[in-house]
Amino acid sequence: MNEKLGKIFNLLAPGKPIRKGVDRIMEANLGALLFFSSHPEDNIKEGLIQPGFELNCDFLPEKIYELSKMDGAVVLNSDGTKILYANALLNPDKNIPSSETGMRHKTAEKIAIQTGDLTVAISKRRNIISVYYDKLKHELLPENVLFARLNQEITIAQRYRQSFMGLLEYLNIEEIKEKVSLRDVVEVISKGMLTICITQKAERYLLELGEIAGSVRLEYEEILRSVPKLVGSVIMDYSVENLSYQRPEEALEIFKNFGVDNLVRPLEVAKALGYNDIESEDELEEYGVSSKGYRLLYSTNLPSIVVRNVVETFKTLPELMKAKFEDLTTIPGVGKRRAEVILNALDKKKRNQEELNFLANSEEKAPKVGT
């Protein structure tokens, strides 16, 4: 998230004192110009501010509302805790260009560009709150609109997450069967990365809502706590090179320059993993690949260096599945306790394999209807 937007939302998120004052001004159908000056004395000496009435009092929403009834700007300190001047005249450099048309908004934009400080222009006619910070302009949205957009993004992200988890479970089954295709891998990574991208789009609305975002923030955090680690593990499992990242979520780095358009192109995802010899999507289905075992080992919560040592010893998950206790304890960082942890994870996967084989045999032996 843009650092300047973070500063804006920190001061003006719903529920914050300054936002309460701004909302009161809006509800009364009044206009206002607020200037958060970091160097008010210098601004006065330079003629940028003609002070009007000096107040130097603590900020209260009620005060800013009453002062907005006067002509001119209200000058506050940079963090908005003090009201310094009211009925002030602001004189920005006339040579600074502005994209605005109304005088209040044009002055606010120029002052922000000239000083690098925050200004807020409240339009009486258009009922809009425009915030300027340095060269950034941002329009504050009403609370109900923010909640609607946030919930929409999170709902879409949850649907994508559910689809991703379903594909991941299918990948687990294909790994047990040792029938994983490159298309299976590409689909899992694509859906996981899209889940992350969609979830991250909600960050702006969370920041703008601030503390009142409530339980929606928990949903957002839960998605970004679990999905990146899972996606990163799949990337490390099936990348052509043995990636050297310390944590699985760091493996998402190889897709950092990917837009959404590229994430839905299977060939582009395959090439990012290092499969440069694939020339058509049809080849993905027939291209067999094998896991390195990162995902299974990371699920045990072992240190990354231990996980890497195990992977570098056995190379592939099928070989790791054959590991014995004595084999594991010879690996640097793997003592008796960690060897047992790894074997327990392997045993669980083997039991899943046996269950699948049992179900497959049962289906084959079942009498056919109508025979």
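The values are calculated or read from the model by the stated rules, or taken from the named source; none is laboratory data. Computed from a predicted model, the values in this text were never measured in an experiment. Here the Cβ positions follow ideal geometry from the backbone for every residue, glycine too, while neighbour counts run over all protein chains shown. Calculation scope for accessible area: heavy atoms of the full protein, side chains included, ligands and nucleic acids excluded. Shrake-Rupley method; radii C 1.70, N 1.55, O 1.52, S 1.80 Å.
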**Complete:** Scanning region 313-339 residue by residue, those exposed (fewer than 12 other Cβ atoms within 10 Å of the Cβ) and either within 30 Å of Pro266 (Cβ to Cβ) or β-branched (Val, Ile, Thr) (or both) turn out to be Thr330
**Request:** Name the one entry in Val131, Val120 that is under 30 Å from Leu218 (Cβ atoms), open to solvent by less than 60 Å² (accessible area, probe 1.4 Å) and of a type outside the set (Lys, Arg).
**Result:** Val131
**Request:** Evaluate region 189-198: report whether one residue or more is touching a helix residue (DSSP H, G or I) at 6+ places or on another chain (Cβ under 9 Å) and farther than 30 Å from Gly293 by Cα.
**Result:** no
**Output for region 269-294, where each listed residue is touching a Lys or Arg at 6+ places or on another chain (Cβ under 8 Å), closer than 30 Å to Leu328 by Cα and aliphatic (A, V, I, L, M)** = none
**Asked** Under the condition of being touching a strand residue (DSSP E or B) at 6+ places or on another chain (Cβ under 8 Å) and part of a helix (DSSP H, G or I), which residue from region 153-201 is nearest to Pro228 (Cα to Cα)?
**Response** Leu182
**Asked** Would it be correct to say that Lys135 is among the charged types (D, E, K, R), under 27 Å from the mean Cα position of the chain (by Cα) and farther than 30 Å from Gly274 by Cα?
**Response** yes
**Asked** Can you pull out the residues in region 299-335 that are part of a loop (DSSP other than H, G, I, E, B) and within 30 Å of the chain's Cα centre (by Cα)?
**Response** Ser299, Thr300, Asn301, Leu302, Pro303
**Item:** Cβ-Cβ under 6 Å pairs, at least 6 apart or on other chains, region 270-292 side within 26 Å of Arg308 (Cβ to Cβ), far side open to solvent by less than 40 Å² (accessible area, probe 1.4 Å) and not in a helix (DSSP H, G or I)
**Value:** Ala270/Ile278; Leu273/Ser239; Gly274/Ser239; Val289/Val180
